[in-house]
Amino acid sequence: MRGINRVASALLGLLLVVVGLLVALEAAWIAAGRAPLWFALDRWYGSLTRTTLAATAFLVTSIVVGVVGLAILLLQLRPWRPDRLVAGGTQQWWLRRRSVERRAATMAATVEGVGHPRARATGRPDRWHLILAADAWPDRQDAVNHAVRDELHRLDVDDRTDLQVVLHKPARRVV
Amino acid sequence: MNAGNRVLWIAIGAVLTAAGVFGVLANRGVLVSSRRTVVGPEVSRRWHEWSGWWFAALIAGGLLLALLGLLLLRAQLRGRGGAPMADVVLFNHPPRSAPAEWNADAALREPFVAGRIRISHGALEEALTRDLRDHPEVRRAAVRLVGDRRHPEALVRLSVTADADVGRLRSHVDSALDRFAATSGVRPAVRDVVLTMASQPPARVH
């Protein structure tokens with residue numbers, strides 16, 4: 001979403017530059033006594049002075065604008081997962097969330113009898129916790145916990161970072 | 001920048017939603033009479049009354065809009081951390097009082113040549129980037145130097161191998177910054193270091 005926002009903002013900036021310059025140039029051109037160049041102002045004015053607020057076109061435009069605005073609001077206001085997570089130490093060292101999740105899942109998969117590990121880091125970038133889910137029998141809990149903790153330690157993650165291991169019993173024993 | 005963009009789009013979303021709701025209510029005749037036209041005759045009357053001022057306002061508004069767009073575009077393209085650090089300029093000052101023993105050295109009897117050396121911030125970033133890359137656990141590196149030239153800050157992005165040890169990488173970054181300070185005279189503070197790890201350990205050759 002951060003990338004989409006950035007691209008959208010860049011496009012909006014470009015649009016504002018183009019429209020702003022066109023408006024300024026067109027206004028200067030008309031002020032000099034010339035006919036409009038780019039904007040069909042007479043046609044727009046005629047159309048807007050004929051269209052009433054009760055018109056279907058006005059209603060449809062309002063609904064489209066409202067729905068687009070609501071969609072933007074919902075996308076922006078829903079909680080975003082952090083794109084990076086703080087590592088330990090005094091300096092500002094960060095780990096990409098996807099990297100941490102991938103490494104945790106990879107290390108959980110090295111434990112015998114563990115299948116389909118999925119890691120999910122949530123919370124704030126500077127205060128996060130990791131949930132690791134996998135298909136395994138409950139007796140693998142300590143081994144998975146140990147493997148993931150070791151990996152987090154290697155990544156210099158604070159030992160106090162919460163780790164939750166959720167194991168689902170497989171349909172048959174995973175080898 | 002991420003937070004700024006988010007606030008901007010929340011504001012745009014709120015304005016569009018409010019405009020849509022207002023339009024639907026107006027269409028239903030709740031707020032204003034739905035028999036009114038979108039643009040009324042008073043707009044034309046005011047246009048003619050303030051003719052010259054309208055043009056001035058439109059030109060000023062258009063230019064302001066273009067300027068805001070340019071600032072928004074620049075903020076997106078400039079990247080993280082804000083404005084880049086200015087180039088470093090080193091001056092060759094004349095010697096004030098050379099020790100007597102220097103006179104014996106032929107090299108030091110060379111005539112003094114005044115001048116200055118300009119080192120672009122891009123060259124400095126590239127130098128630090130190359131040094132950071134020179135580690136077996138670092139696959140890619142990117143450095144951005146920002147802020148004041150006397151107190152610059154470094155934003156470092158490292159793409160490292162899956163089996164990289166972050167503790168060792170910290171030492172490597174600190175050593176690289178020390179070497180950078182010794183050779184360039186610039187000692188940036190680390191604003192942040194972001195690590196991306198490869199998905200799998202590299203294949204081992206036996």
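Quick grid of which residues meet (1) touching a helix residue (DSSP H, G or I) at 6+ places or on another chain (Cβ under 9 Å); (2) surrounded by 17 or more Cβ atoms within 10 Å (Cβ to Cβ):
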{"position": "A:67", "(1), (2)": "yes, no"}
{"position": "A:78", "(1), (2)": "no, no"}
{"position": "A:88", "(1), (2)": "yes, yes"}
{"position": "A:103", "(1), (2)": "yes, yes"}
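Quick one: in region A:33-54, of everything that is aliphatic (A, V, I, L, M) and within 43 Å of the chain's Cα centre (by Cα), which residue is surrounded by the most Cβ atoms within 10 Å (Cβ to Cβ)? This residue is A:53.
Note on region A:54-72: among residues that are more than 7 Å from chain B (Cβ to nearest Cβ) and small (Gly, Ala, Ser), the one that is nearest to residue B:32 (Cα to Cα) is A:55.
Take the residues in region B:1-45 that are basic (Lys, Arg) and surrounded by fewer than 16 Cβ atoms within 10 Å (Cβ to Cβ), then tell me which one is farthest from residue A:42 (Cα to Cα).
Checked region B:1-45; the qualifying residue farthest from residue A:42 (Cα to Cα) is B:28.
Number of residues in region B:46-76 that are at pLDDT 85 or above, surrounded by fewer than 16 Cβ atoms within 10 Å (Cβ to Cβ) and closer than 28 Å to residue A:57 by Cβ: the value is 1.
So, of the residues in region B:77-108 that are loosely packed, with under 12 Cβ neighbours inside 10 Å and modelled with pLDDT of 75 or more, which turns out to be farthest from residue B:126 (Cα to Cα)? Step by step, filter region B:77-108, then rank; the result is B:77.
Might you check whether a residue that is of a type outside the set (Gly, Ala, Ser) and in contact with a Gly (Cβ under 6 Å, 6 or more places away or on another chain) occurs anywhere in region A:135-151? Scanning region A:135-151 turns up at least one residue that is of a type outside the set (Gly, Ala, Ser) and in contact with a Gly (Cβ under 6 Å, 6 or more places away or on another chain).
In summary, residue B:32 fulfils each of the numbered conditions (1) part of a helix (DSSP H, G or I); (2) modelled with pLDDT of 80 or more with the single exception of condition (1). Taking (1) within 14 Å of another protein chain (Cβ to nearest Cβ); (2) assigned to a helix (DSSP H, G or I); (3) buried (at least 22 other Cβ atoms within 10 Å of the Cβ) in turn, residue A:119 satisfies each apart from (2).
In this structure, residue A:24 does not qualify as within 7 Å of another protein chain (Cβ to nearest Cβ) and assigned to a loop (DSSP other than H, G, I, E, B).
Residue-by-condition table, conditions (1) assigned by TED's automatic domain parsing to the domain that holds residue A:94; (2) modelled with pLDDT of 90 or more; (3) out of contact with any Phe, Trp or Tyr (no Cβ under 8 Å at 6 or more places or on another chain):
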| site | (1), (2), (3) |
| --- | --- |
| A:113 | yes, no, no |
| A:117 | yes, yes, yes |
| A:129 | yes, yes, yes |
| A:133 | yes, yes, yes |
| A:138 | yes, no, yes |
| A:142 | yes, yes, yes |
| A:147 | yes, yes, yes |
| A:154 | yes, no, yes |
| A:159 | yes, no, yes |
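In region B:124-135, the residues that are closer than 19 Å to residue B:88 by Cβ reach residues that are of a type in the set (Ser, Thr, Tyr) with C-beta atoms within less than 8 angstrom, at least six apart or across chains, in these pairs: B:124/B:184; B:127/B:183; B:127/B:184. When region A:79-106 is filtered for residues that are at pLDDT 90 or above and either of a type in the set (D, E, K, R) or not in a strand (DSSP E or B) (or both), the ones remaining, listed by number, are A:96, A:97, A:98, A:99, A:100, A:101, A:102, A:103, A:104, A:105, A:106. Within region A:32-51, residues that are within 11 Å of another protein chain (Cβ to nearest Cβ) sit with their Cβ atoms under 8 Å from residues that are aliphatic (A, V, I, L, M) and in a loop (DSSP other than H, G, I, E, B), at 6+ positions apart or across chains, in these pairs: A:45/B:39; A:48/B:38; A:48/B:39; A:49/B:38; A:49/B:39; A:51/B:38.
Could you please find all residues in region B:184-198 being surrounded by fewer than 20 Cβ atoms within 10 Å (Cβ to Cβ) and more than 16 Å from residue B:122 (Cβ to Cβ)?
B:185, B:187, B:189, B:190, B:191, B:192, B:196, B:198
The values are calculated or read from the model by the stated rules, or taken from the named source; none is laboratory data. Everything quoted here is computed from the prediction, not taken from an experiment. All Cβ positions, even for glycine, are placed from backbone atoms using ideal geometry, and neighbour counts span all protein chains on display.
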